Ligand SMILES: [Mg+2]
């Protein structure tokens with residue numbers, strides 16, 4: 001007997017804006033972030049299942065969208081085509097739903113959450129084979145001085161963190177090199193250091209940086225150049241320091257082009273940037289086929305996206321052997337989920353439960369923006 005149909009009959013969209021514990025200063029391209037500003041999508045199905053998704057717009061210079069522009073899309077009915085979708089037929093967001101970016105991610109994550117409940121399986125089991133029981137976390141620092149970095153890093157070392165990401169891209173290269181050497185000198189031998197310039201350097205600045213870090217055990221340099229300068233990134237690989245792509249990698253097509261042009265060693269997957277779990281998985285498989293590695297990264301996001309990202313990371317065999325960005329909720333003054341409870345001593349472990357495993361412990365802080373549903377009479381006619 002075939003499984004009973006379960007189709008989406010209603011959705012709610014919420015806007016949630018949560019202050020960061022500490023403002024986050026990035027490169028000169030992005031300035032300083034003070035809040036996580038996200039949209040939450042809740043779907044309901046005809047068999048009473050619920051799924052949660054989250055859209056984390058990264059801003060015009062990063063992903064091309066903002067909290068305001070995504071909310072306008074919602075009011076224009078961008079999620080409307082999710083009504084009537086059958087859980088079991090879900091193959092990722094297809095047109096007329098958005099097919100990339102944070103709105104697509106919200107749909108895909110919500111559908112997988114509900115699908116996991118439908119099959120009584122954790123989401124990772126819908127995606128592939130488990131390769132990791134737990135994953136290490138990284139901790140980022142703002143663009144600043146070595147003493148600013150160490151003031152953040154020292155307490156995190158005591159908590160068990162061993163991977164740190166220094167944000168760069170808004171100061172002279174000589175200053176950044178001095179900062180990096182000072183931080184390295186203060187770290188224990190088992191710690192890992194990476195930098196992220198967030199597109200903040202010219203080719204000349206990046207070359208100056210790379211020429212001077214060849215003797216340092218940097219685990220990666222992320223996005224030293226503007227997103228579309230794949231030729232420049234390929235040229236920088238001559239220095240032998242692993243290069244990670246983040247802003248350059250918005251979708252699976254980008255991944256294939258980056259691979260074809262030899263523009264990266266490491267691929268920074270973010271569920272919300274990349275359009276959800278299935279697009280992220282597609283990128284992961286393309287990267288694996290080219291014998292390259294993936295770092296699971298994050299936007300300034302809440303526990304719904306973090307959980308989905310952990311389910312995906314769990315099934316990717318080719319992850320970098322150091323920290324991943326599963327610390328986002330620890331940087332918030334609040335969250336809608338209990339994701340932070342899964343983190344201990346600088347590592348994160350998935351609990352065993354169906355769906356995305358998250359508990360929406362703080363759902364009441366979500367502000368309902370819109371509710372759309374199929375009237376019961378139409379549902380009867382459609383079935
Ligand atoms: Mg980055």
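Since every read-out is calculated from the coordinates, none of them should be taken as a lab result. Owing to the predicted nature of the structure, the values given are computational and were not obtained by experimental measurement. Quick reminder, even Gly has a Cβ in these numbers, built from the backbone with ideal geometry, and neighbours come from all protein chains shown.
Among 35-44, 92-101, 259-268, the peptide with the highest mean count of other Cβ atoms within 10 Å heads the list, and the full ranking is 35-44, 259-268, 92-101.
Residue-normalised convex hull volume from the C-alpha trace of the range 199-314: 100 Å³ per residue.
May I ask for the percentage of alpha-carbon pairs in the chain that lie more than 34 Å from each other?
25 percent
Per residue, the Cα convex hull of the range 55-177 amounts to 171 Å³.
Relative to its Kirkwood radius, the Cα radius of gyration of the range 273-348 gives an Rg/Rh of 0.98. The alpha carbons of the range 242-298 give a radius of gyration and a Dmax of 9.6, 26 Å, in that order.
How tilted is helix 173-186 with respect to the longest principal axis of the chain? Cα atoms for both, answer in degrees (0 to 90, nearest 10). On a 0 to 90 degree scale, this one is about 90. Rounded to the nearest 10 degrees, what's the angle between the helix 146-159 long axis and the longest principal axis of the chain, both from Cα atoms, 0 to 90? Tilt relative to the chain: about 60 degrees. Taking 0.36 nm per residue of separation and subtracting the current Cα-Cα distance, fully stretching the chain between residue 32 and residue 86 would add 15.3 nm. Computed packing ranks the peptides 140-149, 103-112, 233-242, 318-327 as 103-112, 318-327, 140-149, 233-242, most packed first, by mean other Cβ atoms within 10 Å. A full extension of the chain between residue 145 and residue 133 corresponds to an added length of 0.7 nm, given 0.36 nm per residue minus the alpha carbon distance. Beta bridges from DSSP with both residues in the chain: antiparallel share about 60 percent, rounded to the nearest 5.
Please pull out the direction-averaged projected area of the range 126-349, using the convex hull of its alpha-carbon atoms, in nm² to one decimal place. Computed as one quarter of the Cα hull surface, the answer is 11.4 nm².
Which length gain, in nm to one decimal place, applies between residue 152 and residue 373 when the Cα-Cα distance is subtracted from 0.36 nm times their residue separation?
74.9 nm
Estimated from the Cβ-Cβ distance and a Förster radius of 30 angstrom, the FRET efficiency linking residue 119 and residue 289 is about 0.60.
With no solvent and one equal point scatterer placed on each C-alpha of the range 38-109, evaluate the Debye formula and give log10 I(q)/I(0) for q = 0.22, 0.23, 0.24 Å⁻¹, two decimals. Log10 I(q)/I(0), no solvent term: -0.97, -1.05, -1.13. Principal-axis analysis of the Cα atoms of the chain puts helix 303-315 at an angle of about 80° to the longest axis.
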